[in-house]
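The values are calculated or read from the model by the stated rules, or taken from the named source; none is laboratory data. Predicted model, so just to flag it, every value in this text is computed and none were measured. Cβ: placed from backbone, ideal geometry, glycine included. Neighbour counts: every protein chain shown. Accessible surface areas use protein heavy atoms only, side chains included; no ligands, DNA or RNA. Shrake-Rupley method; radii C 1.70, N 1.55, O 1.52, S 1.80 Å.
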Amino acid sequence: MLLMNNLITFASVQDFTEFEAQNQKTGTLFPDAKYDRPHDISMSEMLKLTWLILDFEPYRSTALAFKLSPNTNEIFIGSVNEGGHVTRARIIRINRKHILSNPGKLIKWSEDYDRSIWTA
């Protein structure tokens, strides 16, 4: 079972927008990670990321949790695969503006991890 060390929940778009304004991207944590493509990371790296839960529609009814790097303020979609012999973690670097401007794309990824994250 994956333990979340840090968790931030946002009850409204305004709360999230204010957080984003105060936490702009300051660097690149995983330089080899491409936008919109899965990237393998270690479990220790995954556990260092802060989980962002958007508790407003359209995200409220999904299981999607964004991952934030507290060092660079980058936001990712991430997944952990505990099946098989070794636990594996993957992230997808996303364009932050898509969180509010194109949630359908991000929600689709979260609902279809087998195709979008684990088959790449």
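So, Thr17, is that one among the β-branched types (Val, Ile, Thr), out of contact with any Lys or Arg (no Cβ under 9 Å at 6 or more places or on another chain), at pLDDT 95 or above and in a loop (DSSP other than H, G, I, E, B) or not?
The answer is no for Thr17.
If I filter the stretch 53-66 for residues that are open to solvent by less than 20 Å² (accessible area, probe 1.4 Å) and not in a loop (DSSP other than H, G, I, E, B), do I get at least one hit?
Within the stretch 53-66, one or more residues are open to solvent by less than 20 Å² (accessible area, probe 1.4 Å) and not in a loop (DSSP other than H, G, I, E, B).
Would it be correct to say that Asn81 is closer than 20 Å to Asp112 by Cβ, in contact with a strand residue (DSSP E or B) (Cβ under 9 Å, 6 or more places away or on another chain), touching a residue at least 24 places away in the same chain (Cβ under 8 Å) and surrounded by 12 or more Cβ atoms within 10 Å (Cβ to Cβ)?
Answer is yes for this residue.
Let me spell it out: the conditions are (1) under 21 Å from Phe56 (Cα atoms); (2) in contact with a Gly (Cβ under 7 Å, 6 or more places away or on another chain), and Ala89 meets all of them except one. Which number is the exception?
Looking at each condition in turn, Ala89 falls short on (1).
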